[in-house]
Structure formats: structure tokens, C-alpha cells
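Read through the structure below, which is laid out as C-alpha cells, and then see the notes.
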Amino acid sequence: MSDTSSSVSIWMLDSSTFINACYIARIQLLILLRSPIFFPEYVFRVELGVNAHPTTRREAESWVQKKKIGIRQLSLSDLDRISELAAPRRIGLGEIACAIVAEREGGGVLCDDHKGRNWLQSRLATTCWQSVEDFLLHAAELGYVSEFDLQACQETLESNRYLCRYDLRLEHLRRAANR
């Protein structure tokens, strides 16, 4: 993985990646490696707010209150852009909001919805997209997590219905051997 994370001005965090990082207890590490990090207001208020499980809501509120994760609002022109996209229903507003703000601010998107990501990538100028898997592999490359931590994270993610694209431990070892 070529690390483009250092050239990104801000990271927009979608609810799916936040929830997956909560499952594996790696929010603090996500914040450390992907700062500054923000939720679009829609994601925070709706997907992680009124529509979220109470523990997820409290977790999101806690990180925002600690000022570790910020909130970015959509402008009127952003809303116009969303309307112009005419996205199919399967593309969530959270992913769209993340991508629109990231495009506007030269940022990256942390999103685990691969179908939504693929659709949006072909329509927006947001160049850096990462999933929880990409983040974990980068953290392992930097020495923050071990190959065995990756294996445990993958087991936890998969037990919570996240389908990993590849075996994280083996992918890390393969990449390390090729460096």
C-alpha cells in the first residue's frame, strides 16, 4: 500500500468505519494515525445519532466531546452537488456526505462500504479512500499492531458481519516481505 495518508488534509469518517473500529477497540489508534478526523454532521446526528444503537451513540458523542473527532457541515453547494449525483438508493447519504466534504477540502474518506466507494470514486475527485482493513495494514506497517493483532481484529470484524477482502495477517506478512 502506498501511503497517501500523509498528503491528505483531513479525513472524513463514515459510520461504518467508526463502528468497525469500535468493534476492534481501535478508535484511539484511528485518531492517532488519521488526524485531523471528522464526521459529516449528517453521519454524526443521524447514522451515529438517532438511528444508532445507544452504545454506539454514546461512543461517538464521547469522541466529539473530547474534541478528538470533529464535525463538518455540508454547505448549500454541497447539497446541490449531492442532488446532482442522483445516487442510487443503495449508496448511503453518509458515504456521499463524506465524499463531498473530502472532495471540497482535499481530504480522504474512511469508508467500509465498497460498493458505495466504487460508485462514488468514478464520480468525485476524492482520491484517497481507505477501509478499516487499509488502516489496520498501515498501522501494522508502522508497528502499532502485530500480525497476531491483525488476525484477532479480522476475527472480530468477521464475527460482526464484516467481510474482509483478504487475510489481514497474511497480507501484512506479504507486504513486509516485499519491502
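The values are calculated or read from the model by the stated rules, or taken from the named source; none is laboratory data. In this text the structure is predicted, and so the values were computed from the model without any measurement. We place every Cβ from the backbone using ideal geometry, glycine too, and count neighbours over all the protein chains shown. Remember, those area values only see protein heavy atoms, side chains included, never the ligands or the DNA or RNA. Shrake-Rupley method; radii C 1.70, N 1.55, O 1.52, S 1.80 Å.
A compact table of results
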{"quantity": "Listed residues Ile10, Ile96, Trp63: farthest to the positive end of the dipole of the chain (Cβ charges)", "calculated": "Trp63"}
{"quantity": "All aspartates and glutamates inside 20 Å of Lys67 as judged from Cα atoms, apart from same-chain residues fewer than 8 positions distant", "calculated": "Asp14, Glu41, Glu47, Glu59, Glu105"}
{"quantity": "Computed over the chain: relative contact order in percent, which uses C-alpha pairs under 8 Å that are six or more apart", "calculated": "25"}
{"quantity": "About the Cα centre, charge dipole magnitude for segment 1-152 (Lys/Arg +1, Asp/Glu -1 at Cβ), debye", "calculated": "420"}
{"quantity": "For segment 1-95: accessible area per residue (Å², 1.4 Å)", "calculated": "54"}
{"quantity": "Segment 90-179, dipole about Cα centre (Lys/Arg Cβ +1, Asp/Glu Cβ -1), debye to the nearest 20", "calculated": "340"}
{"quantity": "Net charge over other residues, Cβ less than 14 angstrom from the Cβ of Asn178 (K, R count +1; D, E count -1)", "calculated": "+1"}
{"quantity": "With every protein chain in place, segment 77-126: carbon and sulfur % of accessible area (1.4 Å)", "calculated": "47"}
{"quantity": "Most to least packed among 65-72, 116-123, 155-162 [average Cβ atoms within 10 Å]", "calculated": "116-123, 65-72, 155-162"}
{"quantity": "Principal-axis tilt of helix 76-85 within the chain, Cα atoms, nearest 10 degrees", "calculated": "70"}
